[in-house]
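Visitor: Next up is a structure, given as C-alpha cells.
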Amino acid sequence: MPLGSRVYRALGAVLLSGVIWPACARRVVEPLQLVGAHVIVTNDTAEEWHDVELWLNSYFRALVSSVPAHGRYDVPMNAFVSGYSQRFDFSHMQIRGLRLVGKRPDGSPFELNKKFDEGGLAGALGGER
C-alpha cells in the first residue's frame, strides 16, 4: 500500500473519531438556566428534590413541590411573586440573581446559585463588585 493512501486513511480515522466521540459524550447541563421568559430547573442527580424554592433577585419567589431525579421543571417568570403579591415583569425588570433552595430525600437542605457574567464596565474591564 503506498504511503499516501496510508496517510489519508489515518487522517480519515482521526477525523471520524473527532466527529463520533463528541457526539457520544454526555452533555453537562447547568441546573439553573434562563431561557426567554422561563427558568429551567434541571435535576441531573439520582435524588428527587423536595420543597424547592426559587428566588429571583432575592425578592421574588416561586415554589415547586418537587423535581424528580434526572428530571426538569419549567417555571415561567410571571410565576415569581414578591411578599407584596407583585409579579415579576420580565419585560421591565432586570435579573440580577437566581437561587434554588431545596431538600434532599433525607431532609438535608441544599442551595444552588446561578453564576452570572459581570455586566457593564465591570465585566468589560475585569472589575470587582
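Visitor: Quick one: which of ARG96, ARG104 is exposed (fewer than 14 other Cβ atoms within 10 Å of the Cβ), at pLDDT 95 or above and either on the phi < 0 side of the Ramachandran plot or among the aliphatic types (A, V, I, L, M) (or both)?
Guide: Details: ARG96 fails: at pLDDT 95 or above.
Residue meeting the stated conditions: ARG104.
Visitor: Is it true that ARG87 is surrounded by 12 or more Cβ atoms within 10 Å (Cβ to Cβ) and more than 15 Å from the chain's Cα centre (by Cα)? Don't jump to the end; show me each part of the working.
Guide: Working: surrounded by 12 or more Cβ atoms within 10 Å (Cβ to Cβ): yes; more than 15 Å from the chain's Cα centre (by Cα): yes.
Taking the combined requirement at face value, the residue satisfies it.
Visitor: Related question: Would the range 28-42 turn up any residue that is under 15 Å from the mean Cα position of the chain (by Cα) and modelled with pLDDT under 80? Give the derivation first.
Guide: So the first thing to find is which residues in the range 28-42 are under 15 Å from the mean Cα position of the chain (by Cα), and the list is 28-42.
Applying the additional criterion that residues be modelled with pLDDT under 80 yields 28.
Looking for residues that are under 15 Å from the mean Cα position of the chain (by Cα) and modelled with pLDDT under 80, one finds at least one in the range 28-42, hence yes.
Visitor: I need a count of the residues in the range 55-76 that are outside any strand (DSSP E or B), of a type in the set (S, T, N, Q) and exposed (fewer than 13 other Cβ atoms within 10 Å of the Cβ).
Guide: We begin by selecting, within the range 55-76, every residue outside any strand (DSSP E or B); these are 57-59, 68-70.
Now restrict to residues that are of a type in the set (S, T, N, Q): 57-58.
Keeping just the survivors that are exposed (fewer than 13 other Cβ atoms within 10 Å of the Cβ) gives 58.
Total meeting the criteria: 1.
Visitor: Condition test on LEU54, is it modelled with pLDDT of 95 or more, within 19 Å of PHE116 (Cβ to Cβ) and out of contact with any His (no Cβ under 7 Å at 6 or more places or on another chain)? Break it down into steps so the answer makes sense when it comes.
Guide: Numbers: modelled with pLDDT of 95 or more: yes; within 19 Å of PHE116 (Cβ to Cβ): yes; out of contact with any His (no Cβ under 7 Å at 6 or more places or on another chain): yes.
For LEU54, the condition - modelled with pLDDT of 95 or more, within 19 Å of PHE116 (Cβ to Cβ) and out of contact with any His (no Cβ under 7 Å at 6 or more places or on another chain) - is met.
The values are calculated or read from the model by the stated rules, or taken from the named source; none is laboratory data. A quick note: this is a predicted structure, and the numbers were derived from the prediction, not measured. As a convention, Cβ positions derive from the backbone with ideal geometry for all residues, glycine included, and neighbour counts pool all protein chains shown.
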